[in-house]
1. Would you tally the residues in the range 275-298 being under 26 Å from the mean Cα position of the chain (by Cα) and surrounded by 14 or more Cβ atoms within 10 Å (Cβ to Cβ)?
2. Give 217, 199 a once-over and let me know the one that is more than 16 Å from the chain's Cα centre (by Cα), in contact (Cβ under 8 Å) with a residue 60 or more places away in the chain and surrounded by 19 or more Cβ atoms within 10 Å (Cβ to Cβ).
3. Is it fair to say residue 229 is within 19 Å of residue 201 (Cα to Cα) and loosely packed, with under 14 Cβ neighbours inside 10 Å?
4. If we keep just the residues of the range 245-269 that are over 29 Å from residue 292 (Cα atoms) and at pLDDT 95 or above, which is surrounded by the most Cβ atoms within 10 Å (Cβ to Cβ)?
5. Just checking, does the range 81-89 include any residue being surrounded by fewer than 19 Cβ atoms within 10 Å (Cβ to Cβ) and farther than 24 Å from residue 128 by Cα?
6. All but one of (1) farther than 19 Å from residue 21 by Cβ; (2) in a strand (DSSP E or B) hold for residue 270; state the number of the condition that does not hold.
7. The conditions are (1) modelled with pLDDT of 95 or more; (2) assigned to a loop (DSSP other than H, G, I, E, B), and residue 199 fails exactly one of them. Which is it?
8. Please enumerate the residues belonging to the range 292-333 that are closer than 17 Å to residue 231 by Cα and part of a loop (DSSP other than H, G, I, E, B).
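The values are calculated or read from the model by the stated rules, or taken from the named source; none is laboratory data. Just so it is clear, the structure is predicted and the values come from calculations on it, not from any experiment. Quick reminder, even Gly has a Cβ in these numbers, built from the backbone with ideal geometry, and neighbours come from all protein chains shown.
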């Protein structure tokens, strides 16, 4: 019998702070599930990072659960394995909670010791398909798990299966776009043999490869994206509908998903004054109509004169929104002021400036251009807060265990950011 299933990955639900981007991300995921339902799939495989964190916003969880439940009531089963974002290394996360409700089946359960080397295969009852997986782990530990698989046990589990699917959330050599060529990967030869289909996640790019010895490996790419870089990538996002013949040969159809059109405003401020860069940016903003689009506003380069705050990025963002944009996502990580060009020398012949003074000056300039209704995040109080937070994040581990150190840093950072200490009410 022919088996049809959907393969999607990396929805990263809850990834954005901007409520519009968060909603669009969810809408793209819901559209992907509707495509799967309309295609009459037997089941859906979600290859990790369903959520952007182990404990996401509960409103996002509620809406995602509704969409998954609707798919389940259509008769399609859902199989999910962890990504590096939605797995908690120390406690249960929302994935475990939803799996316990039988909303979906969590595939990457492991054997004794929970060391990730003995995946427990699950069988899709109506079709007889077998699904096993190694999910993503923090720090790239999934590569080690993949290298220590109990392959004999896996082969025994899939010997009579009409369709055998192996899931892996990680980077596979030879399947990454050129811009990710420096990312650490596992050789394709490390993927287990004997499986008809390798359902991959983690790489936000659609790619497929037939493995030596048989089996089709595929990344569907994200349904929407989770970062500025994802949204700026003009390659289509979507999911794969896979049809497996009676002998297990798999044929894929990539179905693109678009929640909203995306436009890029790219300002290279290098060599300009802050005022000149501001004028150029406003010309770019006023030259286009942005209605019903997500607009990515990127500013980069080192100014010849002036500070980044002079460019007026908040005013440009507001102007784009006034011209009908759905949302404006700003990236200015590559933007530097004129003083940054000279920060290696104090200008008095006495050599390099103290790094602490440099960091304080950079924080001070960044906060000058920051706008929020929360007064305690701006001005002198904001500068002091940023300095305190930087000091907490730079704490050395000493003799503490890694997990204990992470917990200590997180606890201290949350204490620094507690709005009740600053007269805030906890809003953004």
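1. Of all residues in the range 275-298, those under 26 Å from the mean Cα position of the chain (by Cα) come to 290, 292-298.
Add one more test, that the residue is surrounded by 14 or more Cβ atoms within 10 Å (Cβ to Cβ), and what stays is 290, 293-298.
So the answer is 7.
2. Values: 217 fails: in contact (Cβ under 8 Å) with a residue 60 or more places away in the chain.
Checking each option against the conditions leaves just 199.
3. Working: within 19 Å of residue 201 (Cα to Cα): yes; loosely packed, with under 14 Cβ neighbours inside 10 Å: yes.
Yes, satisfied.
4. Let us first name the residues in the range 245-269 that are over 29 Å from residue 292 (Cα atoms), namely 245-252.
Restricting the remaining residues to those that are at pLDDT 95 or above gives 250-252.
On the way: 250: 22, 251: 10, 252: 16.
Applying the filter and picking the extreme gives 250.
5. To start, the set of residues in the range 81-89 that are surrounded by fewer than 19 Cβ atoms within 10 Å (Cβ to Cβ) comprises 88-89.
Checking which are farther than 24 Å from residue 128 by Cα leaves us with 88-89.
Yes, the range 81-89 contains a residue that is surrounded by fewer than 19 Cβ atoms within 10 Å (Cβ to Cβ) and farther than 24 Å from residue 128 by Cα.
6. Condition not satisfied by residue 270: (2).
7. Unmet for residue 199, out of (1) modelled with pLDDT of 95 or more; (2) assigned to a loop (DSSP other than H, G, I, E, B): (2).
8. Across the range 292-333, the qualifying residues are 292, 293, 325, 326, 332, 333.
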